[in-house]
Structure formats: C-alpha cells, structure tokens
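The values are calculated or read from the model by the stated rules, or taken from the named source; none is laboratory data. Fair warning: this is a prediction, and the values are worked out from it, not measured in the lab. We place every Cβ from the backbone using ideal geometry, glycine too, and count neighbours over all the protein chains shown.
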Amino acid sequence: MTYRPQKPPLPETTEELRARIPGWGVDLDPADRPSVPQEVFDPGAYGARWEFPERQPELLPRERSIEHAFLTPVFGTSAPLKGFSGAVRRYAYRRFSEGRAAHWLLLVAGDRLDVLESTVGSYASKHPDNPFAETGVRAEFTHHGVRSRLGRGRADVKHAWMDPVVVGGPWLAAGAGLAVGATALVRRLGRGN
C-alpha cells in the first residue's frame, strides 16, 4: 500500500518472477548494485514520524482514480471542477482507468471545454478577454519580436509562422461562424415578413 513506510509484498515470489521474466531481480544482491556503498535505508532519516500521514479533509467531492482505494492524503483545491467540462472530467475518472487512452482523451476534451466555457463566461462579464493583448501579439511589434528571433539559433523560429494560425485561427473560425449564422438568421427573418 502506498503512503506506508513498509515495502508492499510482491504478488509473486522472487523465484516465480525470475522464471517468468528474464533478467528480473538482477540487482537484488547488494554486491551487484553500484549504489550500495552510498545506499543506506533509514526511515527515520527522512523525517516521517507517522505510520500514515494525516489526511486533508475533503470538503467537496474530488475526482479520484479508480485504481486507488482512497484519495491521496494531500490534494489540490485551487481549481475545483465546474460546468460541463467538470462533468466530462468526473466521468473520465469514474469510468476509465488511468491506463486507458479514453481517460486521457476525455481529460483533454474537458480542458478544451473549460477554455470554451471560460471564454464565453468572460464575454458575459464586465471585463471580457482581449485575445490580442493577452496572447502577446502586441509585444511582437513593441518589444523587437522579429529581431529577438532571427540569427539567435532559437528553436521556436521553425514554428513561428504557424503561431498566428494556431492562436488566431479559432477566433477567426468562430467569427466566421457567427457571421454566417447571423446572415442566415437575417435572411430567414427577411423572408418571414
């Protein structure tokens, strides 16, 4: 069990593992380990004076992996899950193991949904996002952006041409979608009269 000072028992004996996995346990003999002269096992030297660490109280339900019996003793609370993106992330933790691609793909999708929710929420607030200023595009013109890249051997020069497409492309696509939708709505309303 993790978080305990004792080493967990092996599910198989050393002999069974050696027979099944070629080369397993080659460093079991301390004489064969290069780190042995410096390696000293002293649990007291690490400052752990407990059998199991004190648990942080779980005030709100937290997402947790299905591989673990309980939540880790300490966990972050700075970014609680919210909205549809939070529901997607909870589903990923509740349904899929961390060893499955579906788990991680759902977490990535939850991140993208969170960006969309935050962007829509910012436009509904008194202080909407300013993508031009917040992405650093303005600094390219005011703080020698081109000069700082050319002739300096920087690795990011190779993909600098696509940065405006990656950053501005979704905004342009959203604007074009809104324009097409607004045009269709105006035409439909115009025909109705």
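Of Glu39, Glu12, which residue is farther than 23 Å from Thr72 by Cα, at pLDDT 70 or above and out of contact with any strand residue (DSSP E or B) (no Cβ under 6 Å at 6 or more places or on another chain)? Reasoning before the result, please.
Details: Glu39 fails: at pLDDT 70 or above.
Matching residue, one of Glu39, Glu12: Glu12.
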Open item on the list: So the check is Cβ under 8 Å with 6+ separation or different chains; which pairs have a first residue in the stretch 1-18 that's within 27 Å of Phe52 (Cβ to Cβ) and a second one that's modelled with pLDDT of 75 or more and of a type in the set (Val, Ile, Thr)?
Closed with: Tyr3/Thr72
Task: Candidate set: the stretch 48-100, residues that are farther than 25 Å from Arg112 by Cβ and aliphatic (A, V, I, L, M); chosen: the one modelled with the lowest pLDDT - done: Ala48
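Are any residues in the stretch 104-155 among the aromatic types (Phe, Trp, Tyr) and surrounded by 13 or more Cβ atoms within 10 Å (Cβ to Cβ), and if so, which ones? Don't jump to the end; show me each part of the working.
Let us first name the residues in the stretch 104-155 that are among the aromatic types (Phe, Trp, Tyr), namely 104, 123, 132, 141.
Of everything in the stretch 104-155, just one residue is among the aromatic types (Phe, Trp, Tyr) and surrounded by 13 or more Cβ atoms within 10 Å (Cβ to Cβ), namely Trp104.
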TODO: Look at Phe84 and say whether it is under 30 Å from Asp163 (Cα atoms), of a type in the set (Phe, Trp, Tyr) and in contact with a helix residue (DSSP H, G or I) (Cβ under 7 Å, 6 or more places away or on another chain).
DONE: yes
- [ ] Mind listing whichever residues of the stretch 52-64 are within 22 Å of Lys7 (Cα to Cα) and touching a residue at least 24 places away in the same chain (Cβ under 8 Å)?
- [x] Phe52, Pro53
Task: Those helices (runs of 4 or more DSSP H) lying entirely in the stretch 69-183 with at least 3 residues touching a residue at least 12 places away in the same chain (Cβ under 8 Å) and either of a type outside the set (Ser, Thr, Tyr) or touching a strand residue (DSSP E or B) at 6+ places or on another chain (Cβ under 6 Å) (or both) - done: 83-95, 101-123
- [ ] Among the residues of the stretch 156-176, write down those that are farther than 19 Å from Asn130 by Cα and surrounded by 10 or more Cβ atoms within 10 Å (Cβ to Cβ).
- [x] Val157, Ala160, Met162
Task: Given (1) within 23 Å of Ala174 (Cβ to Cβ); (2) more than 21 Å from the chain's Cα centre (by Cα), index of the condition Arg152 fails - done: (1)
Open item on the list: Checking the conditions here, which among Ala160, Ala133, Ala155 is in contact with a Lys or Arg (Cβ under 9 Å, 6 or more places away or on another chain), more than 27 Å from Val88 (Cα to Cα) and modelled with pLDDT under 90?
Closed with: Ala160
